[in-house]
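The values are calculated or read from the model by the stated rules, or taken from the named source; none is laboratory data. None of the values given here were measured: they were computed from a predicted structure. Neighbour counts are summed over all protein chains in view; Cβ atoms, including those assigned to glycine, are modelled from backbone coordinates with ideal geometry.
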Amino acid sequence: MEVGVRLIGLILRLLNFLLAPVFWLRSRDSRRLPKLKNPLLMKSATDIAAAIRDGDVSSEKVVRAYIERIQEVNIYLNAVVDERYRAALEDAKTVDRQIADARQAGTFDELVADKPLLGVPFTVKESCSVAGLSNAVGCLENAGSRATTDGGAVRLVRAAGAIPLLVSNTPELCLGWETTNLLRGTTNNPYDLNRTPGGSSGGESALLASGASCFSVASDIAGSIRVPAAFCGLFGHKPTPGVVPIVGHIPTLRDPRYGSLLAVGPLTRHAADLPLLLAALTPPHSQHTLRLQDPVDVKDIKVHFMLESSKSPALLPVERRIRESIVRAAKYLQKQGATLREEKFEDLEDSVEISVSVFFSMKDIPNMLQDPTNPKQNKSLALEVAKCALGAGRRSLQGLGFSLLARNRLFIPRPRREAYRRKAERLKEQLVRTLGSDGVLLYPVFSGLAHRHGQVYVRAAGVMYSMVFNVLGAPATAVPVGFYNGLPISIQVIAAPFQDRLCLAVARELEKGFGGWKPPN
């Protein structure tokens, strides 16, 4: 571990200990979400789609039920940025008429053949772009801006028949792992309103876990699907990069490496929905590459597991409940016929250095210190932080933190950064060779459970467990496996590139063994 990384880690670990009572004293919101009472809202997207096709329920009824739930819980969550409820209801009525007309005309099979999500409502992370809705992505200078077209992934899901309801909150320009910004404020975790749902897909996770969304379209460049999924007890899949279109995502970088780090993918409450949603998000040629329709027998899977990447005193240890859950999950899969393997990935010990060296080598990461009136001039970081502390800032503290990281790279010397980029290549080669077409790795998503608002600044290193797999281009799924003190416990399932179906199959098996998502209260 680099000296600079070790020093910063030790400082943050000390601050985490010293400030813990402060964060606890600030946790005064004792409210609880209204209980989820409508059984329709408990169903999977797969079952709702089938019920609409079979005529057991109308699309309008489903859409109306979700709108009512959103309005019921959003006053607690602060997750909704912009909505299209009236238009969604009209879309649903159109779907119901199309189904009725097709049945009468004998063309029903043709109608539903390429629309597996016909009439099913969904919600979207603001950064993924829905035509006509806000795409400011928590940035004050973008206030009032709206998407003129759907993002590529949203376009595919709508083509599959689904109906968008809203766009949800993110950190400023998605630069953070806590969903808060100066434009829209802070989003709360539905299991404890004093805690974060994570980021940057925190708005989506908060709504979904509350039963206020059927499924979500989100994005992940450094754990941004998996961390919120873990904090909210959901299934969140980061696909192999390149298989789901990222066009229309905000921010968009010109650096050619951007497309190998960013992935758009699904968040859902039910593991059974993951193959359906990933197929809907994926163009036909990518579906062929992923072989999503090929059956996976858990008995044929080789399971590796690691409880943490490093025992360095400079890093917060992975919480005991997460480590125990990984062991239980591995043993459960073994009982189902999977084979446990011993080989470990020792280079994951340098996940912080690898992730920082690769991520911040991109050329056009948003510069949060750039002066909008004079693009060639940067503002003072110290002055902007001071303004933030006084409530007069124009940039979020998390965004400024990213600028600090981009500037100092955790004090990793320039020659060493190239060495870590080469180490990333070797680690990817080992991952591909070891996991192959039939292996998975069970691993933490984050070092702890959902933390209190503001603690992200002293616990951000926990994202090393997710971010490194963006760098390695591996598919990964966050899977809920239990609760502790009312908070979800999750683990991560990783496979070799283009072996996404293994992650999804293991997620479904673990749902059977551990119960999956459970609504708040």
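Here's the yes/no breakdown for (1) of a type in the set (D, E, K, R); (2) buried (at least 24 other Cβ atoms within 10 Å of the Cβ); (3) in a loop (DSSP other than H, G, I, E, B):
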position	(1), (2), (3)
156	no, no, no
165	no, yes, no
178	yes, yes, yes
183	no, no, yes
197	no, yes, yes
205	no, yes, no
208	no, yes, no
214	no, yes, yes
233	no, yes, yes
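Here is a yes/no grid of residues against (1) at pLDDT below 95; (2) within 19 Å of residue 479 (Cα to Cα); (3) surrounded by 24 or more Cβ atoms within 10 Å (Cβ to Cβ):
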site	(1), (2), (3)
247	no, no, no
261	no, no, no
277	no, yes, yes
287	yes, no, no
(request) Test each condition in (1) at negative phi; (2) touching a Phe, Trp or Tyr at 6+ places or on another chain (Cβ under 9 Å) for residue 233 and report the one that comes out false. (result) (1)
(request) Please determine, by comparing only the residues of the range 391-425 that are among the polar types (S, T, N, Q) and more than 18 Å from residue 3 (Cα to Cα), which one is nearest to the chain's Cα centre (by Cα). (result) 398
(message) I want to confirm something. Restricting to the range 338-390 and keeping residues that are of a type in the set (Lys, Arg) and out of contact with any His (no Cβ under 8 Å at 6 or more places or on another chain), which single residue is modelled with the lowest pLDDT?
(response) 376
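Could you look through the range 317-349, keep only residues that are within 27 Å of the chain's Cα centre (by Cα) and not in a helix (DSSP H, G or I), and pick out the one that is surrounded by the fewest Cβ atoms within 10 Å (Cβ to Cβ)?
Step one: list which residues in the range 317-349 are within 27 Å of the chain's Cα centre (by Cα), which gives 317-333, 344-349.
Those still in the list that are not in a helix (DSSP H, G or I) too: 317-319, 344-345.
Numbers: 317: 16, 318: 23, 319: 18, 344: 14, 345: 20.
Within the range 317-349, the match that is surrounded by the fewest Cβ atoms within 10 Å (Cβ to Cβ) is 344.
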(message) Just checking, does the range 392-412 include any residue being free of Cβ contacts under 8 Å to residues at least 24 places away in the same chain, outside any helix (DSSP H, G or I), within 25 Å of residue 137 (Cα to Cα) and among the basic types (Lys, Arg)?
(response) no
(request) Report, ordered by the first and then the second residue, all pairs with beta carbons closer than 7 Å, sequence separation of six or more or different chains, a first member in the range 429-445 that is under 16 Å from residue 477 (Cβ atoms) and assigned to a strand (DSSP E or B), and a second member that is among the aliphatic types (A, V, I, L, M) and modelled with pLDDT under 95. (result) none
(message) I'm told residue 402 meets every condition in (1) at positive phi; (2) of a type outside the set (Ser, Thr, Tyr); (3) touching a Leu at 6+ places or on another chain (Cβ under 6 Å) except one. Can you identify the failing condition by its number?
(response) (1)
